[in-house]
Amino acid sequence: MLSARSILAQDGLEIADVACRHGRGRGTTEEAGRHSIAFVRRGCFARSVNGAQELLDPSAVFFVNPGDEQRYDHPHTGGDDCTAFLLDADLLASIWGGEPALPSEPLYSSPQLDLEQRILLADGRRGGDPDELAERAMLVVASVLELSDRPRAQAGRPATDRIRKDLVDGARESLLANPGQSLPDLSRSLAVSPHHLSRLFRSVTGHTISRHRMRLRARAALECLAGGERDLARLAADLGFADQSHLCRVVRSETGSTPSSLRQVLAIP
């Protein structure tokens, strides 16, 4: 009656499309296993947790902490669908001011935030770039937590323009040396939370960290093509692309041309 399709599992974060087809009536009590933040997309149900009850519908976002004793009751037939963001404790602590415990009360999501999680889910179903999806998912998580306690979610935010620029420069330098490192690892090395680094990076450079990573790989590919490289599968593997098709899509997105046509233009006879 309950199914969860994993859309993304990366960097301590998972996005799951959760479908419940429970009939009308009382559910069974279960113990939660992971921290999660869930958007209700369709349907209505009552969640009883640790002795308190909350009614949840598509306007709601609710929180689950490991060890929660919870029961889901359904006042109507037809079931429900949710988008769940499941987080490892270390990642959640880095986003949420040092402590991983999520709020106990549900929240009402804004239209913009609700739409963003739906677009993110759709992009994940279409097989979007995992690094980009993970970065956007962390921003959705941070935005939800800011609704609950903005000062806490803003803890550790860089204080001055100089510090912000230095952090972005440090991120660019680190990505050049190792484009494959995850956003949590990158933010940890710079002593800033992942969502603050992501927002800072975009405000300074005009694009996301995931886009910057792909841009560096694409330009490294152009340099290799200019040197006469003909084996696109080997080039893709060497530069950290998922496969040759991924390399071709990214290069075409960046330049408007295929790697083969660019090699003819760039290579020196």
Here are some residues: PRO151, PRO179. Which one is open to solvent by less than 40 Å² (accessible area, probe 1.4 Å) and modelled with pLDDT under 90? PRO179
Residues (touching a Leu at 6+ places or on another chain (Cβ under 8 Å) and either in a helix (DSSP H, G or I) or surrounded by fewer than 19 Cβ atoms within 10 Å (Cβ to Cβ) (or both)) located in segment 66-102: ASP88, LEU91, LEU92, ILE95, PRO100
In this structure, does ILE37 turn out to be closer than 30 Å to PRO179 by Cβ, β-branched (Val, Ile, Thr) and assigned to a strand (DSSP E or B)? yes
When you look at ARG202, is it modelled with pLDDT under 90 and in a helix (DSSP H, G or I), yes or no? no
Just checking, does segment 7-18 include any residue being within 24 Å of the chain's Cα centre (by Cα), part of a strand (DSSP E or B) and exposed (fewer than 14 other Cβ atoms within 10 Å of the Cβ)? yes
Does segment 88-96 include one or more residues that are modelled with pLDDT of 95 or more and polar (S, T, N, Q)? no
List the residue pairs whose Cβ atoms are under 6 Å apart, where the first residue sits in segment 245-269 and is of a type in the set (Gly, Ala, Ser) and outside any helix (DSSP H, G or I), the second is open to solvent by 30 Å² or more (accessible area, probe 1.4 Å) and at pLDDT below 90, and the two are 6 or more positions apart or on different chains. ALA267/GLY228
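The values are calculated or read from the model by the stated rules, or taken from the named source; none is laboratory data. Nothing here was measured: the structure is a model prediction, and the numbers come from that model. Heads up, the Cβs are rebuilt from the backbone with ideal geometry, glycines too, and the neighbour counts pull from every protein chain shown. The protein model used for the area step is the full one, side chains on, heavy atoms only, and it has no ligands, DNA or RNA in it. Shrake-Rupley method; radii C 1.70, N 1.55, O 1.52, S 1.80 Å.
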